[in-house]
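Down below is the structure, laid out as structure tokens.
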Amino acid sequence: MRTVAYYKGCLASLSAKELDTSTQALAPKVGLELVELEAVTCCGAGDIHEAEPDYYLHLNSRILRVRGGDRNHSLSGLTSAR
Amino acid sequence: MSMKVALKIWRYDPVAGERALKEYEVDAPEWATLLDVLDLVKDRVDGTLAYRKSCRMMICGSCGMRMDGAAVLACKTRMDDIAQAGHVPVISAMGNMPIIKDLVVDMEPFWGKIRAVSPWLEPGYADPGEKEHVVSQERMDVIHKESLCIMCGCCVSECNSMEADPDFLGPAALAKGMRFVGDARDQATVERLQELSGPHGIWDCTRCYFCQERCPKGVDPLDAIAKLGAEALKEGIDSDMGAKHAKWFVTSAKTTGWLRETELVPKTQGIARSLKEVKFAMGLARHGKVPPPFPPHVAKDVGEARALYDLVKLQGRDGADGIVQSEKALSRLEFEGEEAEDPYGEGSFPRPHLPGEGPVDNVEEEAES
């Protein structure tokens, strides 16, 4: 069994929860143990990308940092101006 | 060294109105591109084969076509790997435009949309005077990629929104629109954004990313569309439902951290119109797809998401600048991440060298000795 981070997101949590049901059902059959990420947020889909692109970058950098498990890791590498 | 290259080409004879998939095989040099192979087919096998070409070096934009269903520039596509794998690719005309003959399409719908976005600078003066109008590098960064477009039509060929709505402005025209919206010298920014935010404009893109994936020049038309959306909202141009939909995602993320789906429809369509969706909403509720009103669905550590929004506002990279920042972030991840790789390392770009040094891997060692 390989452990993988599982980011469920908004739609699979609610209005398209079949996605979650089938992912949870299939994962062990292909040798994956899903570890659902806590303390993550909406990724913004394409919408925040089009409305507030810099916020989109920061939100998703934060989600990826949670995935990495190192909550103290600085975001500055991704988001500082240069 | 030469190689055998086989192709299947969708031919179209406009006189007889017949389509047929025909297979050809030719001997070609191993450096041959798809365009070279088409030239060989036309010279040696069938002179009636029709396709467009001009520069043969990826700058004129004439030879857009599809290989195995995806748009490519024929002159940019090397055939050696494909031929050696024994694969016989299917070559066809670009999509979303009517075929004139074989691989030649009528580009008029494409040009009509380019013309519709006023693809010229509106500097707000008739006489530029003697003074030079210099644009800073920072302001050019916002429209650099859009400026690379060679108008080959590959993105339009792949556009799924345009397939559903032939009047959709589409990736090429919208990228051209951004080219001028983002130009620091242009004085018609707001008028342009209002025009592009209308029906068949910015907000009709479904974000399938096909244009971005298949543009042979790195224009990234979907990013251009996102830049336009962000610039429009920055100017307060948000009457389109797509704009309202996008804004609600921002509100959701910075308040509860999760998309507030129950409110999404009324926030997008308005209360009156969303009443029509009540039956649909009841169906969702029956299947347990509507959240209970209490307790509210709030992300753990949502304070961080809220703080990030405040941080973003302080940084002042509003609008299209946010997309430029994402590009910088990606290149940093690629070249300066924790496991930073030498950009000139094995399998990447050739290391620059001076005459006499030769294109070698051990430039540094030689310099030391």
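Results, tabulated for the structure shown:
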read-out	value
Matching option when the condition is closer than 30 Å to B:ILE323 by Cα and more than 7 Å from every other protein chain (Cβ to nearest Cβ), among A:GLU50, A:GLU36	A:GLU36
Test: residue in the stretch B:221-234 that is of a type outside the set (A, V, I, L, M), surrounded by 24 or more Cβ atoms within 10 Å (Cβ to Cβ), in contact with a Gly (Cβ under 7 Å, 6 or more places away or on another chain) and within 14 Å of chain A (Cβ to nearest Cβ)	yes
B:GLY288 vs. criteria within 31 Å of the chain's Cα centre (by Cα), among the small types (Gly, Ala, Ser), within 9 Å of chain A (Cβ to nearest Cβ) and under 26 Å from A:GLU18 (Cα atoms)	no
Within the stretch B:70-89, tally of residues that are over 22 Å from B:VAL26 (Cβ atoms) and surrounded by fewer than 21 Cβ atoms within 10 Å (Cβ to Cβ)	1
Where B:ALA71 falls short, out of the listed (1) part of a loop (DSSP other than H, G, I, E, B); (2) within 19 Å of B:LEU148 (Cβ to Cβ); (3) small (Gly, Ala, Ser)	(1)
Whichever residue in the stretch B:258-272 is within 33 Å of the chain's Cα centre (by Cα) and farther than 19 Å from A:CYS10 by Cα and, among such residues, is surrounded by the fewest Cβ atoms within 10 Å (Cβ to Cβ)	B:GLY270
Tabulated pairs, the stretch A:22-37, first at positive phi, second surrounded by 11 or more Cβ atoms within 10 Å (Cβ to Cβ), C-beta under 9 angstrom, 6+ apart or interchain	none
The stretch B:298-307, subset in contact (Cβ under 8 Å) with a residue 24 or more places away in the chain and either in contact with a Leu (Cβ under 8 Å, 6 or more places away or on another chain) or more than 8 Å from every other protein chain (Cβ to nearest Cβ) (or both), residue nearest to B:PRO221 (Cα to Cα)	B:ALA305
The stretch B:308-320 - residue that is more than 8 Å from chain A (Cβ to nearest Cβ) and part of a helix (DSSP H, G or I) and, of those, surrounded by the most Cβ atoms within 10 Å (Cβ to Cβ)	B:LYS313
Single residue of B:TRP31, B:TRP111 found to be surrounded by fewer than 16 Cβ atoms within 10 Å (Cβ to Cβ), under 30 Å from the mean Cα position of the chain (by Cα) and free of Cβ contacts under 8 Å to residues at least 12 places away in the same chain	B:TRP111
Residue ID - nearest to A:GLY46 (Cα to Cα), chosen from residues in the stretch A:1-18 that are surrounded by 15 or more Cβ atoms within 10 Å (Cβ to Cβ) and either without any contact (Cβ under 8 Å) to a residue 12 or more places away in the chain or among the polar types (S, T, N, Q) (or both)	A:LEU11
Conditions (1) surrounded by fewer than 13 Cβ atoms within 10 Å (Cβ to Cβ); (2) closer than 17 Å to B:ARG214 by Cα: number failed by B:SER92	(1)
Residue in the stretch B:186-207 that is among the acidic types (Asp, Glu), at pLDDT 95 or above and in contact with a helix residue (DSSP H, G or I) (Cβ under 6 Å, 6 or more places away or on another chain) present	yes
Residues located in the stretch B:227-279, provided they are outside any helix (DSSP H, G or I), on the phi < 0 side of the Ramachandran plot and not aromatic (Phe, Trp, Tyr)	B:GLU235, B:ILE237, B:ASP238, B:SER239, B:ASP240, B:THR256, B:LEU259, B:ARG260
Any pair with Cβ under 6 angstrom, 6 or more apart, that starts in the stretch B:243-254 at a residue that is within 13 Å of B:VAL265 (Cβ to Cβ) and at the interface with chain A (Cβ under 8 Å from one of its Cβ atoms) and ends at one that is in a helix (DSSP H, G or I) and among the polar types (S, T, N, Q)	B:HIS245/B:THR268
Within the stretch B:129-161, tally of residues that are part of a loop (DSSP other than H, G, I, E, B), on the phi < 0 side of the Ramachandran plot and among the hydrophobic types (A, V, I, L, M, F, W, C)	8
Checking B:ILE323 against (1) more than 7 Å from chain A (Cβ to nearest Cβ); (2) touching a Pro at 6+ places or on another chain (Cβ under 7 Å), the condition it does not meet	(1)
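The values are calculated or read from the model by the stated rules, or taken from the named source; none is laboratory data. All values reported here derive from a predicted model rather than from experimental measurement. Because the Cβ atoms are built from the backbone with ideal geometry, glycine has one as well, and the counts that use them run over all protein chains shown.
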